[in-house]
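Data block below; observations after.
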């Protein structure tokens with residue numbers, strides 16, 4: 001692949017001084033992990049790769065250690081302590097840049113930064129003191145007054161504004177120096193406009209979505225995940241036979257610490273495997289007496305709850321029961337219904353099949369029953 005042509009020289013500022021608590025993360029969202037690495041690191045890497053120099057990052061007071069940890073292994077950036085407002089944070093970052101012709105100011109909460117947007121912004125600075133990426137408004141707009149619609153707004157004239165925003169360095173520096181300290185601006189384009197500067201629109205990108213709420217972090221999860229489960233229990237006289245969540249009349253039952261329902265156990269392991277959360281033994285250890293004789297229903301309900309909390313739906317369960325006896329066919333639909341009920345899904349996403357081993361091995365000799373399951377999960 002050919003190397004991309006170099007961009008015009010530019011400095012960059014990443015605003016990462018907020019608290020970001022609405023995102024539901026245990027730390028400010030710019031330091032939380034998104035798509036495998038801290039949110040802040042994504043845009044810093046993109047800007048450095050595009051040639052940003054210098055690159056200044058405004059961080060919360062006292063957050064230098066966590067910021068450097070999030071950026072471990074990267075060079076070419078400077079950290080400054082942000083202020084009480086976004087304007088103060090940007091002004092302090094601008095003051096840390098000795099000289100530059102162009103500067104991009106970017107919010108750390110927009111981690112997916114396409115190079116093509118940077119290119120459009122820098123090109124626009126050839127004829128304007130400022131440029132911002134924008135997207136059209138596609139929904140109808142209602143003006144709210146006391147909870148009711150009082151008017152509409154012309155969406156054709158409105159645009160959704162993103163970052164990074166690009167400026168001629170001297171123009172935005174001077175505009176921030178003139179800004180009224182007791183007023184709040186939504187972004188730096190407003191600061192430049194207040195000082196009389198013209199701001200051009202360039203096409204933005206849907207990838208530049210802002211991470212704001214907990215759901216936004218869940219959207220970074222893979223759209224589809226798959227897990228596999230396998231379980232075996234021996235058949236023993238004097239035991240009840242529970243299989244697929246239902247009791248089946250048989251001369252033997254499955255022996256184990258719980259009710260030994262190999263079908264449900266295999267499904268539980270498949271679900272836990274799909275979300276990377278251990279196995280049935282780690283959640284319900286056989287050494288714990290509280291699970292002795294326990295119904296496997298509660299194991300499956302627990303696994304389903306974990307799937308939900310991880311941000312997924314159950315897309316499909318494919319269960320295969322391996323045994324010579326009893327015959328599974330007469331009980332298949334009852335098993336499907338029971339499994340679907342325990343997971344709170346439609347019966348159509350549950351498949352129950354059975355096979356034998358042609359009288360080979362322990363299942364062929366009637367010594368035990370095995371089950372294997374595949375679970376497919378879909379991101380919410």
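The calculated FRET efficiency for residue 148 paired with residue 224, based on their beta-carbon distance and R0 = 35 Å, is about 0.25. For the chain, the relative contact order is 14 percent, taking Cα pairs closer than 8 Å that sit 6 or more residues apart in sequence and dividing their mean separation by the residue count.
Pick from 139, 65, 75: which is most flexible by mean-square fluctuation in a GNM of the chain where alpha carbon atoms under 10 Å apart are linked? Comparing 139, 65, 75 in a Gaussian network model of the chain, the most mobile one is 139.
Every helix of 4 or more DSSP H residues in the chain counts as -39500 (n - 2.57), and over all residues that averages to -8000 deg cm²/dmol at 222 nm. Result for the chain in a Gaussian network model with C-alpha springs under 10 Å: among 18, 245, 366, the largest mean-square fluctuation is at 366.
Rounded to the nearest 10 degrees, the angle from helix 115-124 to the longest Cα principal axis of the chain is 20 degrees. Mind pulling the angle between the C-alpha long axis of helix 332-343 and the longest principal axis of the chain? Nearest 10 degrees, somewhere in 0 to 90. Long axis of 332-343 versus the principal axis of the chain: about 40 degrees.
Separation of the range 141-213 and the range 257-324, taken as the distance between their Cα centroids, equals 50 angstrom.
Sorted ascending by nearby beta carbons within 10 Å, beginning with the fewest, 79, 71 become 79, 71. Relative to the longest principal axis of the C-alpha atoms of the chain, give the angle of the C-alpha long axis of helix 169-178, reported between 0 and 90° and rounded to the nearest 10°. Approximately 80 degrees, to the nearest ten.
Under a 10 Å cutoff between Cα atoms, tell me which one of 93, 209, 237 has the largest fluctuation in the Gaussian network model of the chain. Result: 237 has the largest fluctuation of those listed. For 230, 77, 31, the sequence from fewest to most other C-beta atoms within 10 Å is 230, 77, 31. Once the Cα-Cα distance is subtracted from the 0.36 nm per residue extended length, the residue 180 to residue 127 segment shows a gain of 16.4 nm. What FRET efficiency would be calculated for the residue pair residue 170, residue 140, taking the C-beta separation as r and a Förster radius of 25 Å, to the nearest 0.05? Efficiency computed from Cβ-Cβ geometry: 0.05. Neighbour counts of C-beta atoms inside 10 Å place 358, 101 in the sequence 358, 101, starting with the fewest.
Here the chain has an Rg and Dmax of 29.2, 89 Å, counting Cα atoms alone. Spatial offset of the range 83-126 relative to the range 354-380 amounts to 58 Å, using the alpha carbon center of each. For the range 224-379, the calculated P(r), taken from all Cα-Cα distances in 10 Å bins from zero up to the bin holding the longest distance, is 12, 44, 34, 9, 0 percent. Here the extension length gained between residue 378 and residue 112 equals 93.5 nm, from 0.36 nm per residue of separation less the Cα-Cα distance.
For the range 62-162, the Kirkwood hydrodynamic radius comes to 17.4 Å, computed from all pairs of different C-alpha atoms. Note on the range 171-287: the C-alpha convex hull projects to 14.1 nm² when averaged across all orientations. Per-residue extension of 0.36 nm, minus the Cα-Cα distance of residue 68 and residue 201, leaves a gain of 44.5 nm for this segment.
None of the figures in this text is laboratory data; all of them are computed from the coordinates on show. Please read these numbers as outputs of a predicted model, since none were measured by experiment. All Cβ positions, even for glycine, are placed from backbone atoms using ideal geometry, and neighbour counts span all protein chains on display.
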